[in-house]
Amino acid sequence: MSLVNTKIKPFTTQAFKDGKFIQVSDADLAGKWAVFFFYPADFTFVCPTELGDLADHYGEFQKLGVEIYSVSTDTHFTHKAWHDSSETIGKVKYTMLGDPAGVITNNFGVMREGQGLADRGTFVVDPNGIIQAVEVTAEGIGRDAADLLRKIKAAQYVASHPGEVCPAKWQEGEKTLAPSLDLVGKI
């Protein structure tokens, strides 16, 4: 069952952000756009390339009013150790959620059964806590922060322009569509 257009489930967890341990809950997301970026584990291979790519684009996400929450089943302590020992992860300024009990990972349906690890799952959540986009890839397929930015811009555009939709490859500033009977068979 798809989680698109469903509300995120409640959670509270410990996290690492900007050199500090903090507590984060679903209540902290109220009124804000958010991305939950699940990955299998700290100290691995594809994961740091993805988190580093997000870190390189974090300022752009922030300009759009979007907070990034990376999530693995590691603890917040492990996130700190990885941040302190890896040049790539050392660039991360966004919140790294610890989920050792798997509550958040299970809430979003990306727990690998019997492994205690998350799949590579990306969830765009609107200010009402409703999931607007979902992407899940296999272990060896890394994600692209630039494309995630494009999807967020499209989701934000559609949210603020009822009756319009963004076509394939839509980029900010390009034409959108207004679905109607007149368009049927004309695209």
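Annotations for the structure displayed:
- Charges were assigned to the Cβ only: +1 to each Lys and Arg, -1 to each Asp and Glu. The resulting dipole of segment 30-170 about its Cα centre is roughly 360 debye.
- All lysines inside 24 Å of K32 as judged from Cα atoms, apart from same-chain residues fewer than 8 positions distant: K7, K9, K17, K20, K63, K91, K93, K151, K153
- For the pair K20 and I141, the difference between a 0.36 nm per residue extended length and the Cα-Cα distance amounts to 40.5 nm.
- Degrees separating the helix 76-85 axis from the principal Cα axis of the chain, which is the longest one: 90
- Among K63, K151, K80, the largest mean-square fluctuation in a Gaussian network model of the chain, built with springs joining Cα atoms closer than 10 Å, belongs to K63.
- GNM remark for the chain: springs join alpha carbons under 10 Å apart, and the peak mean-square fluctuation among Q23, Q171, Q115 falls on Q115.
- Its residue count N sets the reference 2.2 N^0.38 Å, and the alpha-carbon radius of gyration of segment 54-115 equals 1.23 times that reference.
- GNM top mover of I22, I89, I104 - the chain, alpha-carbon springs below 10 Å: I22
- Intensity falloff of the chain expressed as log10 I(q)/I(0), Debye formula with alpha-carbon point scatterers, at q = 0.08, 0.13, 0.18 Å⁻¹: -0.26, -0.67, -1.22
- A DSSP coil position with no more than 10 other Cβ atoms inside 10 Å describes the following GluC sites (Glu not before Pro) in segment 47-150: E87, E113.
- Selection among V110, A30, Q14 by position relative to the dipole of the chain gives A30 as farthest towards the positive end (Cβ unit charges, Cα centre).
- For the pair R150 and V4, label points projected 7 Å from Cα toward Cβ lie 1.7 nm apart.
- Between the alpha-carbon centres of segment 66-88 and segment 114-171 there is a gap of 21 Å.
- Per-residue 3J(HN,Hα) values for segment 116-123, derived from phi via the Karplus relation 6.51 cos²θ - 1.76 cosθ + 1.60 with θ = phi - 60°, read x, 10, 8, 6, 7, x, 10, 10 Hz in sequence order (x marks Gly and Pro).
- Helix axis angle, 46-63 relative to the chain longest principal axis, alpha carbon, degrees: 60
- Taking every DSSP beta bridge that has both ends in the chain, the antiparallel portion is near 70%.
- Mean residue ellipticity at 222 nm, helices only, the chain: -8000 deg cm²/dmol; runs of at least 4 DSSP H residues each add -39,500 (n - 2.57), and the sum is divided by the number of residues.
- Crossing angle, helix 145-160 versus the chain [Cα axis fit, 0-90 degrees, rounded to tens]: 50
- Given their separation in residues at 0.36 nm each and the Cα-Cα distance between them, L183 and A27 gain 52.1 nm when the chain is fully extended.
Where a number appears in this text, it was derived from the coordinates with a stated rule and is not lab data. All values derive from a computational prediction rather than experimental measurement. Counting neighbours? That spans all protein chains shown, and the Cβs are built from the backbone with ideal geometry, glycine included.
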